[in-house]
Amino acid sequence: MARARARPGRAPPAYSFDGIPLSRRAFTLLFGASPVWLRALGELAQTMTFRRMTRPLEPMFQVLGDGLRLEVPPDVERFGAEIDREFAGVRRATDDLYAELGRVNGEADNAFERDVVWPPGTFWETRATRRALVDVRLAESPGRDLMADFPASHKLRRVVHETARHGTDATHLPAFALARAHGSLTRGVLRLDGGEAELTEFLVGRIRAQGGEVRPADRAVSIVQRGGKVRAVELDGHAEPLGVNFVVSGGTLQDLLRLAPTFPVPRRLADAYVELLAEEHRYCVSLLVRDEALPPPLGVESFVLGEPSRAELSVHLQRRPGPLPGTTLLLAEALLTDATPRIAKAREAVLSTLAAQIPFLERHVLLCDSVHDGRPLWDLRGGARVEVDRLRLRQGGGSAEAEPMVPRYRVAGAELFGLAAEPLRAPLEGAFLCGRSVLPSLGQEGELLAATSVAKIITRTDGQKEKMRREMWSKVEMS
């Protein structure tokens, strides 16, 4: 939550035009069944509250492609019928694959339930974390092909890999990360009607309920350090620095150190850090369309597999009710690489990809915009396309300039069986990382593991708070 709201330049998940809400980015709650999240809810005594806030998706997701219409329901027998219909002849291999995924995710749950640091930094942390992973046999075989029983060009291979791509932040996934990412969708997806904003509001409420303070409008401009230790944070528009003992960042290590330009990073530490290269970027297009553009069976979560031969993209499509009668809001997330259309033509490429699988979609588009390309909003409510200058979007929370896309990283020198990239502890004492760059192969769950690990490290500096974390909240939950 702190990463989402306090990161310099991080904007809210939505903005509006003419009172019509539009989305900046996609959000799917993929960690709802994670033992890390369930333990955190227990410590906060919020298990039942969160359960009332969410509901399971039915179907969990759909996949659309040339000659492919796959629906993945929670019911095993219905899923088997879908496999028989779409992939005749590989039922046994598919059953074996999902049995293997179930076993691996069960082992992962047991590992992530352990009270250890992810990823480890010290000798003793490394020993404890590797011990927690010892029963996750797949973790020790990062290069294993989970789908060795399927032909190289089989469509189910692409289904597994594309769903994992959209749910993680590393471009190369070890076998365990691939199993965990796809498993986060097939083990049951929970839906928050308010999306990311509702989750943020929930967490902010818990912070304030425990006496904490949240300043979502403040922006950190620099970190004050003396002797290589965090002393204060300078906030934009404030005359005096805010004294702090710890700084937790959701950005990369480079982002964090940029806020502390007076801190000289020791050469031996700089040489030891992994190298992150942004190979892919998440490009999002927000659409308002008429209901008749969409087939009624189209679910809340879908993946549209475009054909590279037609310069189409892989698109994660989200559907929710529109603000006007007879309308639907769509959010399409595409992963852009050097091989895909450039940002100046990405909007057309996304629409072309969707139109190839959803006939007549383009003639029913009412609004179309992306915060990432800097191009005018398209207003088609009057029939003809009117290009709206981005300056007009500022009053609704939009931006006049193109906003940066969220990257997916190629990690050179990944550790912990290919799962870990940047460390939790920054070289500046008292500064920590808990964002996408720490455990990029594990997506949202990786961020959650990193955040709870940082909380654990900080809490252990105060014995009284550590005792409260371990004892008090568990008693409240049980009562």
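Any residue that is more than 21 Å from Thr337 (Cα to Cα) and either in contact (Cβ under 8 Å) with a residue 60 or more places away in the chain or β-branched (Val, Ile, Thr) (or both) - is there at least one of those in the range 402-409?
No, because not a single residue in the range 402-409 is more than 21 Å from Thr337 (Cα to Cα) and either in contact (Cβ under 8 Å) with a residue 60 or more places away in the chain or β-branched (Val, Ile, Thr) (or both).
Mind listing whichever residues of the range 268-283 are among the charged types (D, E, K, R) and assigned to a helix (DSSP H, G or I)?
Scanning the range 268-283 gives Arg268, Asp271.
Of all residues in the range 93-120, those being outside any helix (DSSP H, G or I) and surrounded by fewer than 15 Cβ atoms within 10 Å (Cβ to Cβ) number 3. Report yes if some residue within the range 414-422 is crowded, with 20+ Cβ neighbours inside 10 Å and in a helix (DSSP H, G or I); otherwise report no. No, because not a single residue in the range 414-422 is crowded, with 20+ Cβ neighbours inside 10 Å and in a helix (DSSP H, G or I). Quick one: how many residues across the range 244-261 are part of a strand (DSSP E or B) and closer than 27 Å to Tyr15 by Cα? The total comes to 2. Could we say that Asp389 is at pLDDT below 95 and either more than 29 Å from Pro297 (Cα to Cα) or among the polar types (S, T, N, Q) (or both) here? It is false that Asp389 is at pLDDT below 95 and either more than 29 Å from Pro297 (Cα to Cα) or among the polar types (S, T, N, Q) (or both).
Check Leu57 against each of (1) modelled with pLDDT under 95; (2) surrounded by fewer than 19 Cβ atoms within 10 Å (Cβ to Cβ); (3) closer than 24 Å to Thr328 by Cβ and name the one condition it does not meet. The single condition Leu57 does not satisfy is (2). Looking at (1) under 23 Å from the mean Cα position of the chain (by Cα); (2) outside the structural domain of Phe360 (by TED's automatic domain parsing); (3) among the charged types (D, E, K, R), can you tell me which one Lys229 breaks? Against the list (1) under 23 Å from the mean Cα position of the chain (by Cα); (2) outside the structural domain of Phe360 (by TED's automatic domain parsing); (3) among the charged types (D, E, K, R), Lys229 comes up short only on (1).
Of all residues in the range 305-327, at least one satisfies being in a loop (DSSP other than H, G, I, E, B), within 27 Å of the chain's Cα centre (by Cα), of a type in the set (A, V, I, L, M, F, W, C) and crowded, with 17+ Cβ neighbours inside 10 Å.
For the range 109-157, a residue qualifies if it is among the aromatic types (Phe, Trp, Tyr) and without any contact (Cβ under 8 Å) to a residue 40 or more places away in the chain, and the qualifying residues are Phe123, Trp124. Within the range 126-182, if we keep just the residues that are touching an Asp or Glu at 6+ places or on another chain (Cβ under 8 Å) and of a type in the set (Val, Ile, Thr), the residue that is farthest from Glu301 (Cα to Cα) turns out to be Val136. Selection of first residues in the range 21-47 that are on the phi > 0 side of the Ramachandran plot and touching a residue at least 60 places away in the same chain (Cβ under 8 Å) and of second residues that are part of a helix (DSSP H, G or I) and hydrophobic (A, V, I, L, M, F, W, C), restricted to Cβ pairs under 8 Å at least 6 apart or on distinct chains, gives the following pairs, ordered by first then second residue: Ala45/Trp473; Ala45/Val476. Among the criteria (1) assigned to a strand (DSSP E or B); (2) without any contact (Cβ under 8 Å) to a residue 40 or more places away in the chain, the one Pro264 does not fulfil is (1). Among the residues of the range 362-369, are any modelled with pLDDT under 95, surrounded by 14 or more Cβ atoms within 10 Å (Cβ to Cβ), out of contact with any Phe, Trp or Tyr (no Cβ under 8 Å at 6 or more places or on another chain) and assigned to a loop (DSSP other than H, G, I, E, B)? Looking through the range 362-369, none of the residues is modelled with pLDDT under 95, surrounded by 14 or more Cβ atoms within 10 Å (Cβ to Cβ), out of contact with any Phe, Trp or Tyr (no Cβ under 8 Å at 6 or more places or on another chain) and assigned to a loop (DSSP other than H, G, I, E, B).
Is it true that Leu448 is buried (at least 24 other Cβ atoms within 10 Å of the Cβ) and at negative phi? Judged against the criteria, Leu448 is not a match. In the set Phe61, Phe31, only one residue is over 30 Å from Leu366 (Cβ atoms), aromatic (Phe, Trp, Tyr) and touching an Asp or Glu at 6+ places or on another chain (Cβ under 7 Å); that residue is Phe31. The residues listed here are Leu277, Leu242, Leu235, Leu259; of these, the one that is surrounded by 12 or more Cβ atoms within 10 Å (Cβ to Cβ) and within 26 Å of the chain's Cα centre (by Cα) is Leu259. For the range 108-148, a residue qualifies if it is within 16 Å of Arg460 (Cβ to Cβ) and among the β-branched types (Val, Ile, Thr), and the qualifying residues are Val116, Val117, Thr122, Thr129.
When Leu416, Leu442 are checked against the criterion of being at pLDDT 95 or above and within 21 Å of the chain's Cα centre (by Cα), a single residue qualifies: Leu442.
Taking interchain pairs and intrachain pairs at least six residues apart, which have beta carbon atoms under 6 angstrom, with the first residue in the range 72-85 and not assigned by TED's automatic domain parsing to the domain that holds Val304 and the second in a loop (DSSP other than H, G, I, E, B)? Listed pairs, sorted by first residue: Val72/Pro59; Val72/Met60; Pro73/Pro59; Pro74/Gly188; Phe79/Pro73. Within the set Ser302, Ser286, the sole residue that is over 26 Å from Ala402 (Cβ atoms) and in a strand (DSSP E or B) turns out to be Ser302.
The values are calculated or read from the model by the stated rules, or taken from the named source; none is laboratory data. All figures in this text were calculated on a predicted structure; none of them were measured in a lab. Using ideal geometry, Cβ is built from the backbone for each residue, glycine included, and neighbour counts are taken over all protein chains shown.
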